Amino acid sequence: DIFYLLGLIHGDGNYDRGRIMITNKRDKEIRSFLRKMGFQKSFDDMHFRLGAARLAFMMNELGFKHGAKNKVYPEGLLRANREQTISFLAGCFDSDGTSGSKAVHISSANEDFIKTLQIVLLNLGIVSGYRHVHVMPTKKVNVESDVYSLGINGYYAKIFYETIPLRVKRK
């Protein structure tokens, strides 16, 4: 569960020295898991927080980074065993991924995260591809950004689902 939680934090969370915060609007499986892990609703119905200085310290030691553009695949997790890696990936894809019956995708503002994720998946026998999209400002978001997307399609999407048990049913 701790590696799954780390994946959720990496995908839809943030942390400081003594607090972990995860945002989740609609996934009852994730919301139930967070409550089981001791998280409490914060200022609204979609933010969950946990006072966890030791966990935040451990995340720093593992190589977690702050801010979407800085989020890399944590170096310390490259030494994780197969089961730990699979749990971490399940948390990442449950929180930040999209999926259908024949494809799985995840996006990041950090190209290094996507490239390292691609290698980690390949070590599990899952072939993927990635692409870069430059997003121009809109009325809603007034900044340019770069988005890197990893896609797993067809046969390898099937291998992904057989290897990485996602906990969110809609995914």
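Dimensions of region 50-145 from C-alpha coordinates, computed as largest minus smallest value along each principal axis and given longest first, are 41, 35, 22 Å. In the full protein context, the chain carries 56 Å² of accessible surface per residue, based on a 1.4 Å probe and ignoring ligands, DNA and RNA.
On the chain, 52 percent of the accessible area sits on carbon and sulfur atoms, based on a 1.4 Å probe. For SER42, the residues whose amide H sits under 5 Å from its own are HIS47, PHE48, ARG49, ignoring neighbours fewer than 5 places away on the same chain, with H placed 1.01 Å from N. Residue ranking by accessible heavy-atom surface, 1.4 Å probe, largest first, among ARG79, ARG170 comes out as ARG79, ARG170.
Mean residue ellipticity, 222 nm, helices only, the chain: the sum of -39500 (n - 2.57) across DSSP H runs of n ≥ 4, divided by residue count and rounded to 500, is -12000 deg cm²/dmol. Among the DSSP helices (H) of the chain, those spanning at least 18 angstrom by Cα along their long axis with an average Kyte-Doolittle hydropathy of -0.5 or more are 82-96, 111-123; this is a geometric and hydropathy rule only.
Assign unit charges at the C-beta atoms only (+1 for Lys and Arg, -1 for Asp and Glu), then state the dipole size of the chain relative to its Cα centre in Debye, rounded to the nearest 20. Numbers along the way, then the final one.
Numbers: 26 positive and 17 negative charges, 107 e Å.
Rounded to the nearest 20 debye, it is 520 debye.
The values are calculated or read from the model by the stated rules, or taken from the named source; none is laboratory data. Every value quoted in this text rests on a predicted model; they were computed, and no experiment measured them. Using ideal geometry, Cβ is built from the backbone for each residue, glycine included, and neighbour counts are taken over all protein chains shown. Accessible surface is based on the protein model in full, side chains and every heavy atom, while ligands, DNA and RNA are left aside. Shrake-Rupley method; radii C 1.70, N 1.55, O 1.52, S 1.80 Å.
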